[in-house]
Amino acid sequence: MNPIILAVSMHDAAEYAKQRGWRHHVTVTPSTTWAARGRTGPVYATTAATDHPAYDEMLAEAAPCAVTVDRDRVA
């Protein structure tokens with residue numbers, strides 16, 4: 001089960017994963033809101049993602065895939 005990262009870009013997600021030592025993850029960006037479909041795992045969001053106008057849309061797409069949406073561990 002890979003973590004699902006809501007981010008503004010692939011680079012933003014890669015930096016978030018690198019800081020945590022994660023080698024595998026699923027990235028959901030404003031242009032790839034569908035990326036988490038069919039997956040399950042913990043959902044995290046970068047600070048930039050929570051400030052993005054499309055955050056609610058990204059979260060709505062990822063929430064059904066979530067094992068947990070841990071708002072206390074947002075970057």
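The values are calculated or read from the model by the stated rules, or taken from the named source; none is laboratory data. This one's a predicted model, so the numbers in the text were calculated from it and none came from an experiment. All Cβ positions, even for glycine, are placed from backbone atoms using ideal geometry, and neighbour counts span all protein chains on display. Heads up: the accessible areas ignore ligands, DNA and RNA and are worked out on the full protein's heavy atoms, side chains in. Shrake-Rupley method; radii C 1.70, N 1.55, O 1.52, S 1.80 Å.
Taking H placed 1.01 Å from N in the peptide plane, check which residues at least 5 places from THR27 or on another chain put their amide H under 5 Å from its amide H.
Counting only residues 5 or more places away or on other chains, the set is ILE5.
Within 10 Å, count the other beta carbons around each residue, average over each peptide in 6-19, 27-40, and list them highest first. Working shown, then result.
Working: 6-19: 18.4, 27-40: 16.4.
Taking the mean over residues of other Cβ atoms within 10 Å, the ranking is 6-19, 27-40.
Per DSSP helix of 4 or more residues, -39500 (n - 2.57); summed, then divided by the residues of the chain. What does that give at 222 nm, rounded to the nearest 500? Working shown, then result.
Values: 3 runs with 24 residues, N = 75.
Result for the chain: -8500 deg cm²/dmol, rounded to the nearest 500.
So what is Rg over Rh here for the chain, counting just Cα atoms and using Kirkwood for Rh? Let's see the in-between values first.
On the way: Rg = 10.5 Å, Rh = 11.7 Å.
With Rg and the Kirkwood Rh in hand, the quotient comes to 0.90.
Taking a probe of 1.4 Å, how large is the accessible area per residue of the chain, in Å²?
Numbers: 4400 Å² over 75 residues.
Solvent-accessible surface per residue comes out at 59 Å².
Treating only the Cβ of Lys, Arg, Asp and Glu as charged (+1, +1, -1, -1), what charge dipole size does the chain show about its Cα centre? Round to the nearest 20 debye. Each step should come with its number before you reach the end.
Details: 7 positive and 8 negative charges, 74 e Å.
Dipole about the Cα centre, nearest 20: 360 debye.
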